[in-house]
Every structure is written in structure tokens, then in C-alpha cells.
Amino acid sequence: MKDYYKIGEISKIYGIGRDSLMYYEDIGILKPFRDKNGYRMYKLSDIWRLNLIKELRSLNFPMKKIKEYLDDRNIESTKEILNTEIILIDEKIEELLSYKKNIMKRLDTISYELRNLNLYEIDLVYINKRKALELNANITKDEEFDFLIQKLQKDYENRFTILGNNNIGSSFCLDKIKQGIYNEFKSVFCFLEDEEEIYNIIFNEGYYLTLTYRGEYKNNKQHINKMFKYIEEKGYKVISDPIEIYKIDIHETEDINEFITEIQIPVDINPNKNN
């Protein structure tokens, strides 16, 4: 075994980038010397430092804390840092368990949507107010929707997931629908849990006419027309922009025949009485 190793060899052995190794040198954790050709050379006797750095960094110890420990190690400081490791590991376990619970919930959501299909039937339902995160934009392409949902997720620090989420949707422009345009939307949104404290819009409670369909989004035209005809026949009145909720979409399947979408139109069922 050699007594000295070059930076490239150390980088390969430990899976640590050259930039990180040079940073460790800058803050004084590692102190390689230069050979006659100017190459950084690391002593075998200093390798133990990398073992500790790699372990502590895997638990997100700050470099300042790692340097303090490496510069002043004794039994008490070692016991302290090991106890800190236990705390950090417990926090990671809690985080992973929470993530697992979230994934199981999303799996249940997909199963529920497939199991409780009432396709192509118009229903009148009363829906309580719903908290949501919304991003307003003029949307004419599916790709724009995906981009805006990602932006919304980032803007609100990943407060919602995408895969297996049946609460993501977009708002139609009612005026455009009246002009026969069914592929333009004015916002994207994600409904949140009732207890969520961070939101930027509340969808009003009230009666909604709903219809769930399977397949391509372009089919929404025939379903919306069917719903508007039903509204006219019943003497209802549309009171705000319809919305479309993507129960199963491109994120769960590439087969458009497996897409499941729900249209919701807010209506006043007694417009004459309210007037």
C-alpha cells in the first residue's frame, strides 16, 4: 500500500468530488502537501479524517461542526457527536416513515379512483369550501400545464406531491367555453387538506354539476356541452368558471385511454328564487 495518494485517487476511492476535497483543504480539515510537480498528495495517516467526514456529512452535519470535532477530539466530544448522530438518525426515520405513509396514501388514492368510477354520468353534488394553491396563467397546451404545476409546487416549497395526487386540476375560462373554445385554461391548482394553513385561494362551497370521463382531454368538449345542456334543461345557472380535476393522468400512465378526468361546474340551482 502506498504512503501517499493524489487527489484524483482519493476522489475515486471515496466518491468525493475534487471541489469538495479542495474545500476541505481551504477550511483546514485536510492538509495535503505538494510534490515536486505541484500535485496535491494526501498522507495515508490523514485518511481517517475522510472516513469521519463522509460519515458525518451523510447525516448532514455542518462542516463547521465537523471541523470543530476533528480539531478537538476526546472521549466526551466523541460521545456527544454520537448522541447527536442518534438524534439525526431518529429524525431521518420519522421523515422516511412520513414519506412512506404519504406514498401509501397515494396508492390508495389510485385504487379508489379505479374502484369508484361512475363514468359519463352527470351528478349534482354539494361540496364544502376547499383550500387550494393556485397559479394564474393562460394555458393552451398540456406541456404548459405540467410546467406551471411544477412552478406552483416549487413556489410553495413542495407542499404537495404530484404522483398519485387526485387533487390537481385547472380552471376553464367560462367566456372561452361560450365561444366554443374548450382547450384554454386560466389557472392551475391543487386542493389541500382542510387543516392546511398555507393556501392562496378558497373554492366556494355550493352545488357543483360533475361528470367523470376516461380518455383524451379533447373529449371534454362533448362532455361539457352535455353538462351545459343539462343545466339549461334544469333551469340552473353557471355561477363561475368550470374546473377540470385530473384523477389519473400522464404522471401515472402513458396510456391516454387510462386517463380519468372529472369536470365540475359550479351552479346555482335556484337562480329565479335568488334573484
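The values are calculated or read from the model by the stated rules, or taken from the named source; none is laboratory data. Note that the structure is a prediction, hence the values are computed from the model and not measured. Cβ sites come from the backbone with ideal geometry, for glycine too, and all protein chains shown count toward neighbours. These accessible areas exclude ligands, DNA and RNA; they are computed on the full protein's heavy atoms, side chains included. Shrake-Rupley method; radii C 1.70, N 1.55, O 1.52, S 1.80 Å.
Numerical summary
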quantity	calculated
Rounded percent of accessible protein surface that carbon and sulfur make up, region 22-176, 1.4 Å probe	52
Net charge of Cβ neighbours under 12 Å - reference residue 175; Lys, Arg +1; Asp, Glu -1	+1
Exceeding the 18 Å Cα-Cα cut-off - candidates 6/64; 178/247; 178/229	6/64; 178/247
Subset of 129/218; 92/151; 131/226; 154/176; 43/67; 31/79 violating a 24 Å alpha-carbon distance limit	129/218; 92/151; 131/226; 154/176; 31/79
Student exercise, the chain dipole from Lys, Arg, Asp, Glu Cβ charges, in Debye to nearest 20	800
Using alpha-carbon coordinates, inclination of helix 220-234 to the longest axis of the chain, degrees	40
Average accessible surface area per residue within the chain, 1.4 Å rolling probe, Å²	63
The chain: relative contact order as a whole-number percent, Cα under 8 Å and 6+ apart	17
DSSP loop chymotrypsin sites (Phe, Trp or Tyr not before Pro) with at most 15 other Cβ within 10 Å excluded, longest remaining stretch of the chain	121-275
Loop sites in region 71-176: GluC sites (Glu not before Pro), DSSP, at most 13 other Cβ within 10 Å	121, 157
About the Cα centre, charge dipole magnitude for region 100-141 (Lys/Arg +1, Asp/Glu -1 at Cβ), debye	380
Heavy atoms of residue 20: accessible area, 1.4 Å probe, square angstrom to 10	50
Charge dipole (debye, nearest 20) of region 1-118; +1 at Cβ of Lys and Arg, -1 at Cβ of Asp and Glu	480
Whole-Å distance, taken between Cα centres, linking region 81-151 and region 202-243	24
